[in-house]
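Below is one structure, written out as structure tokens; the observations come after it.
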Amino acid sequence: MGFDNLLLGFSIALSPTNLLFAFIGVFLGTVIGALPGIGPSAGVAVLLPATFGMQPVTAIIMLAGIYYGAMYGGTITSVLINTPGESASVMTTLDGFQLALKGRAGAALGMAAIGSFIAGTASVVLLMVAAPPLADLAVTFGPPEYFALMVLGLTTLASLTGGSMLKGMVMALAGLLLGTVGIDPMIGEPRYTFGNVNLLDGLDFLPVAVGLFAIGELLFNLYEPVRLEPINARLSGLLPTRQDWRDSAGAIARGTVIGFFIGMLPGAGATIASFLAYATEKRVSKRPEAFGTGVIEGVAAPESANNAASTGALVPLMALGIPGSGTTAVMLGALTLYGLQPGPLMLTTHPEVFWGLVASMYIGNVMLLILNLPLAPVFASVLRVPYPILIPIIMGIALFGVYSVENSVFNVGVAIIFGALGFVMRIYGYPPAPLVLALVLGPMLEKALRQSLQMSLGSPTIFVMRPVSAIILVFALLAVLLPVISDIRMRHRRRALANA
Amino acid sequence: MKRTNLIAGLLFAAAFGACLWDAASFQYGTEFAPGPGFAPVWLSAIGIALSLLIAIYPATDAPDSQGSNATPSNAIDNRRILRVAATLAGLLVMLLVADWLGLVSAVLLFLLFLTLFVQRLSLAVGIGASIGTVLFVYLVFVRLLDVPVPSGPLGF
């Protein structure tokens with residue numbers, strides 16, 4: 001059955017159109033990842049309107065290509081200019097840049113490409129194995145379990161996005177409230193529409209996502225311009241030496257496993273995966289003191305982990321219909337725009353989308369390897385394009401893209417408002433991802449909550465009386481409490497030190 | 001950071017408070033199920049509580065040796081913030097004129113304003129980047145994807 005489905009997937013993914021768009025996706029993803037300030041969330045959101053008119057499977061193949069392509073692209077800036085292209089590449093800067101200073105930039109980029117390829121391919125196998133049984137299990141879930149799962153996704157994302165957990169929580173609440181805008185789906189009463197007919201159908205997620213992720217980031221770059229000064233690194237010797245292989249084989253294997261499983265957890269994502277993979281590698285290494293001075297396994301581990309995590313993140317998206325990160329939230333929005341509802345039933349009602357995506361990811365990872373080994377210097381040349389020139393280009397594409405969702409100037413206005421908000425949030429450390437994820441999940445979460453309470457005639461005990469939802473809610477509670485407890489303990493320790 | 005958090009926390013609390021005020025007019029529940037007002041009321045109420053926590057939480061911090069009161073707003077450079085404000089003003093004007101001038105022309109004018117006046121790129125680079133971008137998006141969205149955009153007196 002699985003093999004038949006995979007064959008179906010390959011027959012879809014190997015069609016000339018899908019091959020072309022998988023290539024365009026990974027190519028654009030690599031370029032986007034290489035540009036500091038434009039992360040995969042913004043890239044997917046800005047380029048989503050360009051997929052209108054495509055078959056849904058083609059569109060999702062291209063968007064996924066952008067997502068995992070960006071994971072590799074971020075390595076280029078990390079290695080060459082000590083500036084991560086996106087947050088998941090932060091750990092790569094530690095040893096990648098040091099390797100570049102030693103004249104081994106080519107080896108760092110080559111090992112990152114090979115590690116990403118191995119991790120990407122292995123994690124697609126894991127995706128193929130993990131998603132269908134999870135979807136089978138999820139078919140038995142009712143509204144309380146779905147409600148609990150979405151709460152878990154939001155709480156973990158809010159507490160793990162970095163900075164203050166309180167700020168993440170407030171952003172998630174703001175997103176949930178924004179998700180209630182429009183006509184109530186059950187009773188038909190308008191909420192927060194202020195008499196504006198454009199708001200009756202609710203806020204589209206795309207203008208909000210483009211505003212927060214792209215326009216907000218561009219405004220921040222106008223405020224604090226990105227200075228890119230590539231070092232004069234040698235990009236020869238991209239193929240790893242035998243010693244590099246020996247040093248990195250274990251790191252790639254461990255990075256793949258850590259990355260995939262962390263990626264699967266709602267809210268955790270590629271950044272935490274790469275951090276954990278690096279920390280694990282340092283712990284198991286025979287020369288931990290050398291980490292940070294330019295060791296090849298310091299590049300291989302986080303790069304393998306962030307690529308595996310981007311595939312792992314597709315498991316909850318595809319099997320449960322619940323995104324675990326800002327980027328997968330945008331992808332969920334994309335699927336709904338195409339009339340598809342990701343979740344357990346999608347694997348049976350639209351197997352071509354899931355299996356076509358799985359097969360395209362095998363092919364996409366091969367494309368990335370072929371692209372990245374010989375073309376690393378070409379992608380590095382993106383850094384030579386002055387950043388100020390990229391600002392009007394990205395702004396123009398973002399504005400037209402937002403307009404084209406519903407051919408509405410109102411949506412452009414929404415994107416501008418959220419762009420301004422995104423800029424302020426960026427300055428004051430409020431993470432945008434929980435807001436976007438909550439906006440996408442909001443209507444589903446409210447529906448699940450109301451259906452659950454309807455089932456229990458208004459009694460909230462339904463969430464704790466059903467074992468699966470109770471267990472999931474305990475995890476959600478832990479996701480909130482653990483950082484608070486660790487924060488309190490740290491404050492006590494600091495206070496004790498100050499008093500000593 | 002304390003002052004900034006205090007102001008931000010109070011602003012968020014006020015925003016959630018306004019949402020709660022508006023939500024009070026929604027039907028809270030029916031006989032056996034929550035109504036349209038249920039989620040907004042609870043979300044706003046929790047939002048107010050968390051926002052107030054943001055406002056007061058740093059007050060419990062032990063002050064560090066220097067700069068605990070240094071806020072991002074203290075560090076904000078007025079000239080640079082003016083660049084952002086000018087861009088937002090330009091975007092707003094673009095929005096207002098898009099319907100009668102046409103979206104393509106309005107975006108072109110905005111990009112020229114952005115590149116030449118805000119970013120102060122050289123004339124050739126600014127004009128080139130603006131026209132090149134608009135030409136690209138026009139070809140992709142209007143010609144290739146058949147997106148109907150509001151057209152102006154020039155026909156696009």
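Partner chain Cβ atoms within 10 Å, averaged over the residues of B:39-46 - can you pull that number for me?
6
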Legend entry - Estimated vicinal HN-Hα couplings, Hz - the stretch A:432-438 in sequence order (Karplus 6.51, -1.76, 1.60; Gly, Pro = x): x, 4, x, 5, 5, 4, 5
Legend entry - Label-point separation, A:Asn82 to A:Ser486 (7 Å along Cα→Cβ), nm: 2.8 nm
Inset, instruction - Using a cut-off of under 14 Å, list every residue of the stretch A:420-444 whose amide N is near the label point 7 Å from the Cα of B:Leu10 along the Cα-to-beta-carbon line. - result: none
Inset, instruction - Could you grab the Rg to Rh ratio for the stretch A:1-103? Cα atoms only, Kirkwood for Rh. - result: 1.11
Legend entry - Equivalent ellipsoid dimensions for the stretch A:34-178 as semi-axes, Å, which come from the Cα gyration tensor, largest first: 32, 21, 17
Inset, instruction - With a cut-off of 19 Å, note down the residues of the stretch A:92-122 whose backbone N falls inside the zone around a label point 7 Å from the Cα of A:Ala249 toward its beta carbon. - result: A:111-122
Legend entry - chain A, relative contact order in percent, only Cα pairs under 8 angstrom and at least six apart counted: 28 percent
Inset, instruction - With all distinct Cα pairs included, what does the Kirkwood hydrodynamic radius of the stretch A:336-426 come out to in Å, to one decimal, could you say? - result: 17.3 Å
Inset, instruction - Quote to one decimal, in nm, the extra length available between B:Phe117 and B:Leu52 on full extension: 0.36 nm per residue of separation minus the C-alpha distance between them. - result: 19.3 nm
Legend entry - Per-selection Kirkwood Rh - chain B (Cα, Å, 1 d.p.): 20.2 Å
Inset, instruction - Could you pull the Rg and Dmax for chain A, using just the Cα atoms, both in Å? - result: 22.1, 70
Inset, instruction - Specify the angular offset, from 0 to 90 degrees and rounded to the nearest 10, of the alpha carbon long axis of helix A:409-428 from the longest principal axis of the alpha carbons in chain A. - result: 60 degrees
Legend entry - Dimensionless Rg ratio for the stretch A:406-488, taking C-alpha atoms and the 2.2 N^0.38 Å reference: 1.54
Inset, instruction - Would you list, by chain and number, the lysines whose Cα falls below 30 Å from the Cα of B:Lys2, excluding same-chain residues fewer than 8 positions away? - result: A:Lys167
Legend entry - Debye-sum result for the stretch A:151-224 in log10 I(q)/I(0), which assumes one identical scatterer on each alpha carbon, at q = 0.12, 0.15, 0.16, 0.26 Å⁻¹: -0.46, -0.69, -0.76, -1.11
Inset, instruction - Report the calculated FRET efficiency for B:Leu135 and B:Val97 (r = Cβ-Cβ distance, R0 = 22 Å), to the nearest 0.05. - result: 0.65
Legend entry - Residue-by-residue Karplus 3J(HN,Hα) for the stretch A:360-371, coefficients 6.51, -1.76, 1.60, Hz, glycine and proline x: 5, 6, 4, 5, x, 5, 5, 4, 4, 5, 5, 5
Legend entry - Calculated FRET efficiency for the pair B:Tyr28/A:Val464, C-beta based, R₀ 25 Å, to 0.05: 0.60
Legend entry - For residues of A:186-195, the mean tally of beta carbons on other chains within 10 Å: 4
Inset, instruction - Tell me the label-point distance for the pair A:Ala498, A:Ser11, using the 7 Å Cα-to-Cβ offset, in nm and rounded to one decimal. - result: 6.9 nm
Legend entry - Ordering of A:469-475, A:356-362 by packing [mean C-beta count within 10 Å, highest first]: A:356-362, A:469-475
Legend entry - the stretch A:315-383 and the stretch B:85-156: distance between their alpha carbon centers, rounded to Å: 32 Å
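Each value in this text was obtained by applying a stated rule to the coordinates, not by laboratory testing. What you see is a predicted model; the values in this text were computed from it and never measured. In this analysis, Cβ positions are derived from the backbone assuming ideal geometry, glycine residues included, and neighbour counts consider all displayed protein chains.
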